[in-house]
Amino acid sequence: MRQLVEIKNDYGNSVGLEIGKTIRAYDLIKRFCSNLSLDTNIAKAALEAASTCEKAVDVRRSPISIAAALIYVVIQLHDDVKNKIGIRDIANAANVAEGTIRNTYKDLYPSASKFVPAWYANEDKIKKLECNP
């Protein structure tokens, strides 16, 4: 039988997580992408970014914050979606403050070329990301 523990996000809302399992950003991305009704390619890119980011980048933020910021990065690289889904939408889907996503994005931004999948965005496109969301 699975046991769940509730952790609190920025707004004091609970997020149910399985006891004994280390929670990673990767584990939360599917839920957040589903909440945003994102295309499967965007979700796949965010999942790959989370998997790679975990190994390549040392970011000392909560998995919720990292997942939300990674989704934001991936959306900014998708021309059809970036003007339709903003940071506020992601914050609502993840139940975190917009400022949390902005600050985590600033931590991740310098290393984006290390974790964004090459099939999703090339180096030139990644270089065009804004430093400040």
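Tabulated results
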{"item": "Hits in region 99-117 (condition: surrounded by fewer than 18 Cβ atoms within 10 Å (Cβ to Cβ), over 14 Å from Arg61 (Cα atoms) and modelled with pLDDT of 95 or more)", "result": "Pro117"}
{"item": "Total residues in region 28-50, condition open to solvent by 20 Å² or more (accessible area, probe 1.4 Å) and of a type outside the set (Gly, Ala, Ser)", "result": "11"}
{"item": "Residue ID - farthest from Glu98 (Cα to Cα), chosen from residues in region 73-84 that are among the aliphatic types (A, V, I, L, M) and crowded, with 20+ Cβ neighbours inside 10 Å", "result": "Leu77"}
{"item": "Within region 74-115, tally of residues that are within 14 Å of Leu36 (Cβ to Cβ), β-branched (Val, Ile, Thr) and within 12 Å of the chain's Cα centre (by Cα)", "result": "6"}
{"item": "Scope region 51-72; condition under 15 Å from Ser113 (Cα atoms), modelled with pLDDT under 95 and either surrounded by 21 or more Cβ atoms within 10 Å (Cβ to Cβ) or not aliphatic (A, V, I, L, M) (or both); matching residues", "result": "Ser51, Thr52, Cys53, Glu54, Lys55, Asp58"}
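The values are calculated or read from the model by the stated rules, or taken from the named source; none is laboratory data. This structure is a prediction, so every number in the text was calculated from the model and none was measured. For neighbour counting, all protein chains shown are included, and Cβ atoms are generated from backbone atoms with ideal geometry for every residue, glycine included. Accessible surface areas use protein heavy atoms only, side chains included; no ligands, DNA or RNA. Shrake-Rupley method; radii C 1.70, N 1.55, O 1.52, S 1.80 Å.
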